[in-house]
Protein chains: 2
Amino acid sequence: MQRGRHSAAWKNVVLSRDQQFALKRAALLREAGRAFSAQGYHDTSLDDVAKTLGVTKAALYYYVKNKQEILFECHMQAQDLGETALQYSEQNGRTGREKILLLAQKYIELITGEMGSFAVLGEFDALDAENRTIIARRRDKFDRHFRRLVSDGIADGSIRAVDPKLTVFFFMGAINWMTRWFRPDGPLPGEEIARHFADLLDKAISSAQAAKPAVRTRARA
Amino acid sequence: MQRGRHSAAWKNVVLSRDQQFALKRAALLREAGRAFSAQGYHDTSLDDVAKTLGVTKAALYYYVKNKQEILFECHMQAQDLGETALQYSEQNGRTGREKILLLAQKYIELITGEMGSFAVLGEFDALDAENRTIIARRRDKFDRHFRRLVSDGIADGSIRAVDPKLTVFFFMGAINWMTRWFRPDGPLPGEEIARHFADLLDKAISSAQAAKPAVRTRARA
DNA sequence: GGCGAATTTGACCGGAACGTCAAAAGACGA
DNA sequence: TCGTCTTTTGACGTTCCGGTCAAATTCGCC
């Protein structure tokens, strides 16, 4: 950033120092996040993480202020996935119901994918007061958006009369709990789970009475 | 137990020593469990718990072997609630669908009630290896029973064709995640949540096409 | 080969919290 | 009132772990 690097010798096949720094930091975050998800924040010592990375604990502090910052960054990245899914659903769905199903499916695919393996959706309590406020605020925003999708769906007739708040809690719980049992190398691929969960959600909230697409009111008009 | 107490003077209005012991131990478990749920196992020091109870940490060790035992006992009690709900559903439900709905509703009512406020369904990872095995085995048994209810429901026609394993994961996630947001003094009473969640589950898995009770086949016979 | 900056290390500090123990305090019957 | 058993205490030992720092090592470059 502040260091002037004169030119792109070797066509940049060799990474710049800044790039290496970023890469190493990312690896640290990923590995620590994995450990956090697997054993919990407080049960994961930075000595452990360092050993996994083949360095010393002290080296980690060159890339990160403290343990808490690692946890915070992991949370931020996890939330990024949520917002990505939200954008995707807004762009590709029409009715509230469609948007919600796309959101659900996309979100599950993301967190079960390569990037999401270090998403620490649990461990919220381990955040210190300041960081917890930030994460909570952002999560509330996500929740509100999610809830409005439900309200919109009820308004446009694609979703039956349900309580938006409880419905979102219901489904977010089902998703967040996945960190407890989902294993990337397990028997169930993320896509299949995504499909199944989205289907369950669909039937739970859809205003359609049959399993068929919800086209009854307009179909005969 | 081993001490001979001669008679029931004062009609036992004053509790025996054994009773007091049991009562105090229960209070310890309850208060510790509350703290565990609220702030997490590792963030709860026994000094804190002791202070809440108005005693010293050392006193706790008169009632309990160590911190781990407290966590284990809390898990056992939480699982007791699950089995209570399971029995209830088996006795009062006919079809697989009915049983599952009763189970879901009862279970939520129990864990949101007085007794369940110290149910630490999270914090599974904090158990040590030995205890974790015990709890996991018992939980697996519960899961298998739950899954068979789904299978039975599919067999008897009350539930549509869903994957029992994923469906149970789905719903257990929604329930277990409640420990994250449910507060006994919050705006939503446990019964209302129980009703709503059971309704969402019903629509998610029911083979009935309308919202009406699933009595179509026999109604006209 | 050698210089300076970037990176890593090993040793160490301090605090937090579990668990222990001998001694004090309390309860209860004789 | 006294003696014994139960219960509680305060002080302490110990371990673990987050975080620091000066020194050593490595790396890129002239």
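Looking only at the range A:78-108, which residues are acidic (D, E) and either modelled with pLDDT under 95 or over 25 Å from B:L166 (Cβ atoms) (or both)? Residues satisfying the conditions are A:D80, A:E83, A:E90.
Scanning the range B:162-194 for residues that are at the interface with another protein chain (Cβ under 10 Å from one of its Cβ atoms) and touching a residue at least 60 places away in the same chain (Cβ under 8 Å) yields B:F171, B:I175, B:M178, B:T179, B:F182, B:I193.
Here is a yes/no grid of residues against (1) farther than 23 Å from B:L188 by Cα; (2) modelled with pLDDT under 95; (3) crowded, with 19+ Cβ neighbours inside 10 Å; (4) away from every other protein chain (no Cβ under 14 Å):
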position: A:V120; (1), (2), (3), (4): yes, yes, yes, no
position: A:D125; (1), (2), (3), (4): no, yes, no, no
position: A:F146; (1), (2), (3), (4): no, no, yes, no
position: A:R160; (1), (2), (3), (4): no, no, no, no
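Here B:Q68 fulfils each of the conditions (1) more than 14 Å from chain A (Cβ to nearest Cβ); (2) within 15 Å of DNA strand D (Cβ to nearest atom); (3) surrounded by 13 or more Cβ atoms within 10 Å (Cβ to Cβ); (4) not in a loop (DSSP other than H, G, I, E, B) apart from (1).
Taking (1) within 24 Å of B:L110 (Cβ to Cβ); (2) assigned to a helix (DSSP H, G or I); (3) of a type outside the set (D, E, K, R); (4) touching a residue at least 60 places away in the same chain (Cβ under 8 Å) in turn, B:Q77 satisfies each apart from (4).
The set of residues from the range B:35-52 being within 14 Å of chain A (Cβ to nearest Cβ), surrounded by 17 or more Cβ atoms within 10 Å (Cβ to Cβ) and part of a helix (DSSP H, G or I) comprises B:A35, B:F36, B:S37. Against the conditions (1) more than 10 Å from DNA strand D (Cβ to nearest atom); (2) away from every other protein chain (no Cβ under 14 Å); (3) surrounded by 14 or more Cβ atoms within 10 Å (Cβ to Cβ), B:Y63 satisfies every one except (1). Is it fair to say B:V55 is away from DNA strand D (no atom under 11 Å from the Cβ), hydrophobic (A, V, I, L, M, F, W, C) and either buried (at least 17 other Cβ atoms within 10 Å of the Cβ) or not in a helix (DSSP H, G or I) (or both)? Criteria not met by B:V55.
The values are calculated or read from the model by the stated rules, or taken from the named source; none is laboratory data. Here the structure is a predicted model, which means the values were calculated and not measured. In this analysis, Cβ positions are derived from the backbone assuming ideal geometry, glycine residues included, and neighbour counts consider all displayed protein chains.
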